[in-house]
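Peer 1: Please find one structure pasted underneath; my questions will follow.
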Amino acid sequence: MRAAVVTTFGGPEAVEIVDVAVPEPGAGQVRIKVAASAVNPVDLAVRAGLFGGAGRTLGLGWDVAGTVDAVGVAAAWQVGDEVVALAAGVADPLGAHAEYVVVATDAVAKAPATVDAVHAGTLPLNALTAVQALDLLELEPGGALLVTGAAGAVGGFAVQLAAHRGIAVTGQARAADEELVRSLGATDFTADGVAPGSVDAVLDAAMLGEPALEWVRDGGVFVSAQPGRQPAPVRGVRTTAVAVSADGARLAELVRLVDEGVLSLRVAETFGLEEAMKAHARLAEGGVRGRLVLVP
């Protein structure tokens, strides 16, 4: 099969399409024939060497939408099932940017019934990151949350999920994105910031760090969307970060919200697997609203 990998770090030109053996599922695993897989900033970070792994072959791609192709012992899925999954990892030799991927059976959920595979392939990584970040905030209905980067993938899902929970959301993004952010469920919008101490919590999807921490009230909560990127706590504010993990049961809940119309899936452009380098270059340019999706 073909797979997108990096063997040396660098820019988009470091992405290689190689021929490798089709992986076999072990006990408690399934193999998925990949129909679509989004390209995310984490893929650019792996390619650039931000997670290490020099001298090794590193696979790319975390999002999976496709069809179960083979199952190992004790796998809870059947060949032919249409599914989505998160193939998490920054140091594995193969990722989801391939024609086939093997994942743990408990990382898998039934695919949404209301969208195609290309759109479904944008869900797992960013929606799981958003919902797991919201869980860390522990906000009750009526709480005041500010989401930075609210027009982006993680931020957009966070706005929709928080609004669905009855949380009052202020979205922070570029002024040109105000209509989009409000359409996702934000009750307020800012292109700059809010008064110091005026919200109960911040979910920092834009990695603003300390400036956004100032907006949280004393004793509030600050969650970064990237591990290790949270500022030090001040004024009794609890600061932490989400480290996304595969969770098929939680992913199934997100799929249900897609089918109910609560979560919208945004695709900006599709590319063939052989065009992975081009997709990396486009994402690196910035300004993409919606995901870039590889279609093997």
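The values are calculated or read from the model by the stated rules, or taken from the named source; none is laboratory data. Note that the coordinates shown come from a computational prediction; the quantities given were computed from them, not determined experimentally. Glycine gets a Cβ as well: all are built from the backbone with ideal geometry, and neighbour counts include every protein chain shown. Note: accessible area is taken over every heavy atom of the protein model, side chains too, but ligands, DNA and RNA are not part of it. Shrake-Rupley method; radii C 1.70, N 1.55, O 1.52, S 1.80 Å.
Peer 1: Evaluate the charge dipole of the range 1-54 about its Cα centre and quote only its size in Debye, nearest 20, assuming +1 on the Cβ of each Lys and Arg and -1 on the Cβ of each Asp and Glu. The partial results should precede the final answer.
Peer 2: Numbers: 4 positive and 5 negative charges, 34 e Å.
About 160 debye.
Peer 1: Add +1 for every Lys or Arg and -1 for every Asp or Glu among the other residues with Cβ under 10 Å from the Cβ of residue 71, and state the total.
Peer 2: Working: positive: 31; negative: 69, 81.
So the surrounding residues net to -1.
Peer 1: Can you give me the accessible area per residue for the chain, using a 1.4 Å probe, in Å²?
Peer 2: Per-residue value: 40 Å².
Peer 1: In the full protein assembly as shown, how much of residue 19 is accessible to a 1.4 Å probe, in Å² to the nearest 10?
Peer 2: Only protein atoms counted, so the area is about 130 Å².
Peer 1: Moving on. Going by alpha carbons, how many degrees (0 to 90, nearest 10) lie between the helix axis of 276-285 and the longest principal axis of the chain?
Peer 2: Helix 276-285 sits roughly 10 degrees off the main axis of the chain.
Peer 1: Based on alpha-carbon centroids, what's the gap between the range 237-285 and the range 73-109 in Å, whole number please?
Peer 2: 15
Peer 1: Can you find, among 272, 10, 233, the residue farthest towards the positive end of the dipole of the chain? Put +1 on the C-beta of Lys and Arg, -1 on that of Asp and Glu.
Peer 2: Sorting the options by dipole projection puts first 233.
Peer 1: About its Cα centre, what dipole magnitude does the range 1-106 give when the only charges are +1 on Lys and Arg Cβ and -1 on Asp and Glu Cβ, stated in debye to the nearest 20?
Peer 2: 180
Peer 1: On to the next question. Summing Lys, Arg as +1 and Asp, Glu as -1, what charge do residues with Cβ under 13 Å from the Cβ of residue 81 carry, residue 81 excluded?
Peer 2: Net charge around residue 81: +1.
Peer 1: Mind ranking 239-247, 54-62, 37-45 by how tightly packed they are, going by the mean number of other C-beta atoms within 10 angstrom, highest first?
Peer 2: Details: 239-247: 17.9, 54-62: 19.7, 37-45: 23.8.
Packing proxy ranking, top to bottom: 37-45, 54-62, 239-247.
Peer 1: Shifting gears a bit: Could you work out [θ]222 nm for the chain from helices alone, using -39500 (n - 2.57) per DSSP H run of at least four and dividing by all its residues? Round to the nearest 500 deg cm²/dmol.
Peer 2: -6500 deg cm²/dmol
Peer 1: Got a number for carbon plus sulfur as a percent of the range 155-214's accessible area, 1.4 Å probe?
Peer 2: Carbon plus sulfur share of accessible area: 49 percent.
Peer 1: Given (1) 56, 39, 33; (2) 65, 41, 32; (3) 49, 48, 35 as candidate values of Cα extents along the principal axes in Å, which corresponds to the one derived from the coordinates?
Peer 2: (1)
Peer 1: Counting Lys +1, Arg +1, Asp -1, Glu -1, what net charge surrounds residue 252 among other residues with beta carbon under 14 Å of its beta carbon?
Peer 2: Details: positive: 110, 250, 256; negative: 81, 82, 106, 247, 253, 259, 260.
Result for the local shell: -4.
Peer 1: Treat every Asp and Glu Cβ in the range 83-239 as -1 and every Lys and Arg Cβ as +1, leave all other atoms uncharged, and give the resulting dipole magnitude about the Cα centre to the nearest 20 debye.
Peer 2: About 120 debye.
Peer 1: Angle, helix 124-137 long axis vs. longest principal axis of the chain, Cα atoms, 0 to 90°, nearest 10?
Peer 2: Its long axis makes an angle of about 30 degrees.
Peer 1: Based on the mean of other Cβ atoms within 10 Å per residue, sort peptides 266-275, 90-99 so the most packed one is first.
Peer 2: The peptides rank, most packed first, as 90-99, 266-275.
Peer 1: Could the peptides 217-223, 137-143 be put in order, highest first, of the mean number of other beta-carbon atoms found within 10 Å of their residues? Write out the running numbers ahead of the final one.
Peer 2: On the way: 217-223: 19.1, 137-143: 14.7.
Top to bottom by mean Cβ count within 10 Å: 217-223, 137-143.
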